[in-house]
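*Asks:* Quick one: this structure, given as structure tokens, is what I'll be asking you about.
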Amino acid sequence: MTKLTNKRLTRTQQSLAARLRRKTESKNSDGDSESPELSSPRRITYPLDSGGAPNSPILVGFTEYGWATNLAPDTSETSPRAAGRSFHVALFFLVLVVLLMAGFLHVDVEMFTPLLRIKAQDSSRDSTPVTNIMFLKTHKTASSTMLNILYRFSESHNLSVALPKGSMFHLGYPWLFVARYVEGMEQNGPQDHHFNVMCNHLRFNFPEVQKVMPNDTFYLSILRNPVSQLESSFIYYKRYSPAFQKVKTLDQFLADPWKYYNVSVGLKNAYARNNMWFDFGFDNNAQAEEGYVRRCLSEVERQFQLVLIADYFDESMVLLRRRLRWQLDDVVSFKLNLRSQRTISHLNPESQERAKRWCDLDWQLYQHFNRTFWAQLQAEVSPRQLREELAQLRARRQELTTLCLQDPEPKNTTQIKDQNMLPYQSGDAEILGYNLRQGLDNATLHICQRMAMPELQYMAHLYALQFPDKPPKDIPLPKK
């Protein structure tokens, strides 16, 4: 049976070869010298079979009769050109298999395909750092730490900062911002003077801010979970906001807020309800109607390129650094304006739900931009990259903590030795600060001082640098 089969195969091959020869003679008679054999035959060796031995190589090619295989055994040596083609085919299939496996196993494809980084590299070819920045400093949202980051960057890059005029510490807050609140912006003078950085407290008013900042300004802000933001505001503004003055605890206030909150009191009560919504320039007493909220959120999205989340501060710094094309040390910081644990209250679950309902506009603002923040972060970095950059950020913070601070734990005012490092105290909050390590060289001391410098002292320092002919700002330092 086997011999009969072999004879039939031999006859078939001989018949096909005869046809090919006739075709060759016909073409040669017309002056066509192209070989009738397979055009660019390729040797493909399939994976190992079940027995562990390689399969026999077969020839694959195209003739005028169509795709043909096993027309003749390949007993000749493979030419360099054919070998090259075989290598590229094998490489293609290898990459394809790896990509399919990576997708199936949810593996970070970037580990296997560095070429996928080309797009990210192309987008970051312009390594020039962003230097025109408007930061809307919302209240009780880690914004003092953000302010320190921006002040340090401004000073190290010799940038101009839009600082409060004269003896003011805020840019007109809680009134809507107008350009004349900035030192150097005369009320009736030409409005063509622009600053690089604006980051002090103000109530956002876009047309007036545009008078102060260049057209290519990068706008950003920061939000915090409204429950913890309200708790912090209650302690910090306990003696200032009329709504908070007549109650002992935030739980008591939230049990019946309208008993203590009076809309007619005016702007002083802005700290007691929807404070972040108010900072963006909106009405903090408005009804949370769907259409109104949607219009306001769309307006913020149009005006701000980035809204950070204080609850994920380190992740925010990773994204901020990438968007502004800054160096790692530019976004490393110590926590500033930090309260002691004894002045932090913990709301019960019922009060937390009441806080969300009471600050319903803040809650919707936070939920919306918490979602957009994570969407932007995930579009910017892979999970592996995020882990690596978070580790770098935290490691560098630890290095600077060890280098700069006598004790990594922040101290209360009775323990701080340098009066110039005493933080401002407000309400019932106990605000902590830092002691610097002794014996630092001048260059290191310069870095460490600025990282630990409280907000008001740093503002006064920049004001003196920018306006040496103006009277210095009088900082109300706490008594030890």
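The values are calculated or read from the model by the stated rules, or taken from the named source; none is laboratory data. Note that the coordinates shown come from a computational prediction; the quantities given were computed from them, not determined experimentally. A quick note on method: Cβ atoms are made from the backbone with ideal geometry, for glycine too, and the neighbour counts reach across all protein chains shown. Surface accessibility is based on the protein's heavy atoms, side chains included, excluding ligands, DNA and RNA. Shrake-Rupley method; radii C 1.70, N 1.55, O 1.52, S 1.80 Å.
*Asks:* Quick check on segment 367-380: of everything there that is touching an Asp or Glu at 6+ places or on another chain (Cβ under 9 Å) and under 16 Å from Phe313 (Cβ atoms), which residue is surrounded by the fewest Cβ atoms within 10 Å (Cβ to Cβ)?
*Replies:* Only one residue fits best here, namely Trp374.
*Asks:* Okay, next question. What pairs come out if I take residues in segment 270-290 that are within 16 Å of His139 (Cα to Cα) and pair them with residues that are of a type in the set (Asp, Glu) and at pLDDT 95 or above whose C-beta lies under 6 Å away, six or more apart or interchain?
*Replies:* Asn274/Asp362; Met276/Asp362; Trp277/Asp362
*Asks:* Still on this structure: Does any residue of segment 381-389 turn out to be open to solvent by less than 60 Å² (accessible area, probe 1.4 Å), under 30 Å from Leu445 (Cα atoms) and assigned to a helix (DSSP H, G or I)? Break it down into steps so the answer makes sense when it comes.
*Replies:* In the first step, residues of segment 381-389 are kept if they are open to solvent by less than 60 Å² (accessible area, probe 1.4 Å); the result is 381-382, 384-386, 389.
From what's left, under 30 Å from Leu445 (Cα atoms): 389.
Okay, now just the ones that are also assigned to a helix (DSSP H, G or I), so 389.
Yes, segment 381-389 contains at least one residue that is open to solvent by less than 60 Å² (accessible area, probe 1.4 Å), under 30 Å from Leu445 (Cα atoms) and assigned to a helix (DSSP H, G or I).
*Asks:* Can you say whether Leu403 is open to solvent by 20 Å² or more (accessible area, probe 1.4 Å) and closer than 30 Å to Phe244 by Cβ, as far as the supplied structure shows? Let's see the steps before the verdict.
*Replies:* Details: open to solvent by 20 Å² or more (accessible area, probe 1.4 Å): yes; closer than 30 Å to Phe244 by Cβ: no.
Judged against the criteria, Leu403 is not a match.
*Asks:* Go through segment 223-254 residue by residue and tally those that are closer than 15 Å to Phe278 by Cβ, not hydroxyl-bearing (Ser, Thr, Tyr) and not in a loop (DSSP other than H, G, I, E, B).
*Replies:* Selection size over segment 223-254: 5.
*Asks:* Next up: Suppose we keep only residues that are among the β-branched types (Val, Ile, Thr) and open to solvent by 30 Å² or more (accessible area, probe 1.4 Å) within segment 222-280. Which one would you say is farthest from Cys199 (Cα to Cα)?
*Replies:* Here is the first cut: in segment 222-280, the residues among the β-branched types (Val, Ile, Thr) are 222, 227, 235, 247, 249, 263, 265.
After this cut, where a residue has to be open to solvent by 30 Å² or more (accessible area, probe 1.4 Å) as well, the list is 249, 263, 265.
Details: Thr249: 32, Val263: 29, Val265: 28 Å.
Only one residue fits best here, namely Thr249.
*Asks:* Here is a further query. Kindly indicate the residue of segment 177-193 that is more than 21 Å from Pro471 (Cβ to Cβ) and open to solvent by 80 Å² or more (accessible area, probe 1.4 Å) and also modelled with the lowest pLDDT among those meeting that condition. I'd like the intermediate steps shown before the answer.
*Replies:* Step one: list which residues in segment 177-193 are more than 21 Å from Pro471 (Cβ to Cβ), which gives 177-179, 188, 190-192.
Okay, now just the ones that are also open to solvent by 80 Å² or more (accessible area, probe 1.4 Å), so 188, 190, 192.
Working: Asn188: 54, Pro190: 51, Asp192: 58.
So the residue we want is Pro190.
*Asks:* For segment 259-310, which positions are touching a strand residue (DSSP E or B) at 6+ places or on another chain (Cβ under 9 Å) and charged (D, E, K, R)?
*Replies:* Answer for segment 259-310, where residues must be touching a strand residue (DSSP E or B) at 6+ places or on another chain (Cβ under 9 Å) and charged (D, E, K, R): Asp279, Glu301.
*Asks:* Being closer than 17 Å to Pro226 by Cα and either without any contact (Cβ under 8 Å) to a residue 40 or more places away in the chain or among the small types (Gly, Ala, Ser) (or both) is the filter here; which residues of segment 244-261 pass it?
*Replies:* Phe244, Phe253, Ala255
*Asks:* Among the residues of segment 254-270, is there at least one that is at pLDDT 95 or above and within 26 Å of the chain's Cα centre (by Cα)?
*Replies:* There is no residue in segment 254-270 that is at pLDDT 95 or above and within 26 Å of the chain's Cα centre (by Cα).
The rows are residues; the columns are (1) at pLDDT below 95; (2) in contact with a Lys or Arg (Cβ under 6 Å, 6 or more places away or on another chain); (3) among the aromatic types (Phe, Trp, Tyr); (4) open to solvent by 40 Å² or more (accessible area, probe 1.4 Å).
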| residue | (1), (2), (3), (4) |
| --- | --- |
| Asn132 | no, no, no, no |
| Leu136 | no, no, no, no |
| Asn148 | no, no, no, no |
| Tyr151 | no, no, yes, no |
| Met168 | no, no, no, yes |
| Val197 | no, no, no, no |
| His201 | no, yes, no, no |
| Glu208 | no, no, no, no |
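*Asks:* Okay, next question. Can you pull out every residue in segment 409-432 that is in contact with a helix residue (DSSP H, G or I) (Cβ under 7 Å, 6 or more places away or on another chain), in a loop (DSSP other than H, G, I, E, B), open to solvent by less than 30 Å² (accessible area, probe 1.4 Å) and over 12 Å from Asn337 (Cβ atoms)? It would help to see each step written out before you state the result.
*Replies:* Keep residues of segment 409-432 that are in contact with a helix residue (DSSP H, G or I) (Cβ under 7 Å, 6 or more places away or on another chain), which gives 420-421, 424, 426-430.
Checking the rest, the ones that are also in a loop (DSSP other than H, G, I, E, B) come to 424, 426-430.
Filter once more, so that each one left must be open to solvent by less than 30 Å² (accessible area, probe 1.4 Å): 426-427, 429.
Within segment 409-432, Gly427 is the sole residue that qualifies.
*Asks:* May I ask you to verify whether Gly427 is closer than 28 Å to Gln245 by Cα and over 29 Å from the mean Cα position of the chain (by Cα)? So that I can check it myself, show each step before the final result.
*Replies:* Details: closer than 28 Å to Gln245 by Cα: yes; over 29 Å from the mean Cα position of the chain (by Cα): yes.
Taking the combined requirement at face value, the residue satisfies it.
*Asks:* Does Val318 meet the test of being closer than 18 Å to Arg152 by Cα, touching a helix residue (DSSP H, G or I) at 6+ places or on another chain (Cβ under 7 Å) and surrounded by 17 or more Cβ atoms within 10 Å (Cβ to Cβ)? Don't jump to the end; show me each part of the working.
*Replies:* Working: closer than 18 Å to Arg152 by Cα: yes; touching a helix residue (DSSP H, G or I) at 6+ places or on another chain (Cβ under 7 Å): yes; surrounded by 17 or more Cβ atoms within 10 Å (Cβ to Cβ): yes.
Here the answer is yes, as Val318 does meet what is asked.
*Asks:* Considering (1) within 28 Å of the chain's Cα centre (by Cα); (2) open to solvent by less than 30 Å² (accessible area, probe 1.4 Å), say which one Asn435 fails and leave the rest.
*Replies:* (1)
*Asks:* For segment 340-366, which residues satisfy the criterion of being in contact with a strand residue (DSSP E or B) (Cβ under 7 Å, 6 or more places away or on another chain) and surrounded by fewer than 19 Cβ atoms within 10 Å (Cβ to Cβ)?
*Replies:* First, pick out the residues of segment 340-366 that are in contact with a strand residue (DSSP E or B) (Cβ under 7 Å, 6 or more places away or on another chain): 340, 365-366.
Ser340 - this is the single residue of segment 340-366 that is in contact with a strand residue (DSSP E or B) (Cβ under 7 Å, 6 or more places away or on another chain) and surrounded by fewer than 19 Cβ atoms within 10 Å (Cβ to Cβ).
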